[in-house]
Amino acid sequence: MARTRLYRDGRLEAEDFPLDDISEHLKDSAAVVWLDLTDPEQGDWDRVQEEFGLHRLAIEDASSPHERPKLLHYPQHMFFNAYSVRFNGGDDGDGNAEVHEVSAFLTDRALITAHGSDFDMDAVVERWDATSELAGQGVPWLAHGLLDVIVDGQFDAVQQLDDELEALEDRLFEESAPAIREVQQRSFRLRKTLGRMRKVIMPMRELVGALMHSREHLVDEEMVPYFQDLYDHVIRVTEFTENLRDFTATILESNLAVQGNRQNTIMKKVTSWAAIIAVPTAVTGYYGQNVPYPGSEKLSGFITSAVLIVILSVVLYVTFKRKDWL
């Protein structure tokens with residue numbers, strides 16, 4: 001499925017027109033075209049390559065999954081690859097991140113985008129409509145709107161992950177067995193999710209910076225402030241992601257420390273109860289010797305041993321309780 005738009009002199013004149021009309025529209029030097037391909041097949045790439053003269057290697061990168069975010073220069077166009085991120089958090093989420101690849105070809109008067117059906121291109125179109133006063137800037141404006149939506153989505157995902165980690169941190173000291181297991185499992189899952197997000201977020205700084213200072217001088221003076229603002233957002237996201245990396249490591253270390261302290265507490269309790277149990281064992285063992293002893297075979301001997309067991313056990317219990325060993 002393909003979507004198209006035609007801008008002329010900064011105004012939206014047509015959309016959803018056939019691909020065959022693109023050549024006719026581009027004959028006008030004031031026209032700028034956007035072509036969007038969703039889940040393109042090889043036949044679609046062949047038509048686009050014939051229409052715009054796209055480089056074979058760029059098409060290969062766009063059609064191959066899991067390419068690294070990057071910006072490449074070719075004789076007739078530029079190509080960049082980026083990823084949108086959506087975090088599944090909250091009580092109903094699994095703590096994983098959905099990553100969707102977006103490829104873009106930039107010519108003098110055309111932007112060609114390609115992505116899977118999971119990417120929300122409607123959000124990009126809404127961003128363009130909201131900043132239509134910049135439509136006269138052509139392809140740089142279209143590229144900025146696309147990247148701005150992607151970066152904003154990455155920031156939202158990182159913010160949600162941060163909220164998830166803070167909520168997890170608050171549960172570190174819960175004593176119930178289900179809570180302990182959940183904290184352990186979720187902390188490792190969120191760490192894995194963060195690692196996946198870092199792989200697609202960290203290269204964005206290099207991508208946007210290279211686009212701003214490209215040898216084709218894509219960004220003119222009027223668009224420079226907007227791309228600088230976009231670059232600042234990228235830096236915020238990357239720094240936020242790095243901080244979360246340290247935060248995740250701190251949670252894992254704190255969890256291990258809490259587990260160690262909890263184990264020490266359990267060991268103190270077990271040892272204390274063992275000491276208390278040793279008292280009646282010692283007394284009954286002593287009175288159970290096969291030799292005469294004071295009170296042997298008399299009621300007074302039984303009463304004496306019982307009183308010793310109770311008194312010594314209570315003394316040990318009170319002592320351990322005061323020391324917070326029980």
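Would it be correct to say that Glu166 is farther than 21 Å from Ala31 by Cα, assigned to a strand (DSSP E or B), among the acidic types (Asp, Glu) and within 14 Å of the chain's Cα centre (by Cα)? No: the conditions fail for Glu166.
Could you go through region 125-147 and let me know if any residue there is in contact (Cβ under 8 Å) with a residue 12 or more places away in the chain, of a type in the set (Ser, Thr, Tyr) and not in a helix (DSSP H, G or I). Yes, the conditions are met somewhere in region 125-147. From the list Leu172, Leu190, the one residue that fits, being buried (at least 22 other Cβ atoms within 10 Å of the Cβ) and either in contact with a helix residue (DSSP H, G or I) (Cβ under 7 Å, 6 or more places away or on another chain) or farther than 28 Å from Leu211 by Cβ (or both), is Leu190.
Quick check on Val258: is it outside any helix (DSSP H, G or I), surrounded by 13 or more Cβ atoms within 10 Å (Cβ to Cβ), modelled with pLDDT under 90 and of a type in the set (A, V, I, L, M)? Against the criterion (outside any helix (DSSP H, G or I), surrounded by 13 or more Cβ atoms within 10 Å (Cβ to Cβ), modelled with pLDDT under 90 and of a type in the set (A, V, I, L, M)), Val258 does not qualify. Residue count for region 213-238 satisfying the condition of being of a type in the set (A, V, I, L, M, F, W, C) and surrounded by fewer than 16 Cβ atoms within 10 Å (Cβ to Cβ): 2.
Report, by residue number, each residue of region 132-161 that is under 23 Å from Leu26 (Cα atoms) and of a type in the set (S, T, N, Q).
First pass over region 132-161, keeping only residues under 23 Å from Leu26 (Cα atoms): 132-146.
Those that are under 23 Å from Leu26 (Cα atoms) and of a type in the set (S, T, N, Q): Ser132, Gln137.
Screening Pro203 against (1) crowded, with 18+ Cβ neighbours inside 10 Å; (2) touching a Leu at 6+ places or on another chain (Cβ under 7 Å); (3) not aliphatic (A, V, I, L, M) leaves a single unmet condition, (2). A single entry from Phe52, Phe87 fulfils the requirement of being under 25 Å from Asp120 (Cβ atoms) and in contact with a helix residue (DSSP H, G or I) (Cβ under 6 Å, 6 or more places away or on another chain): Phe87.
The values are calculated or read from the model by the stated rules, or taken from the named source; none is laboratory data. As the structure is a prediction and not an experimental result, all values here were calculated from the model. Methodologically, a virtual Cβ is constructed for each residue, glycine included, from the backbone with ideal geometry; neighbour enumeration extends over all protein chains shown.
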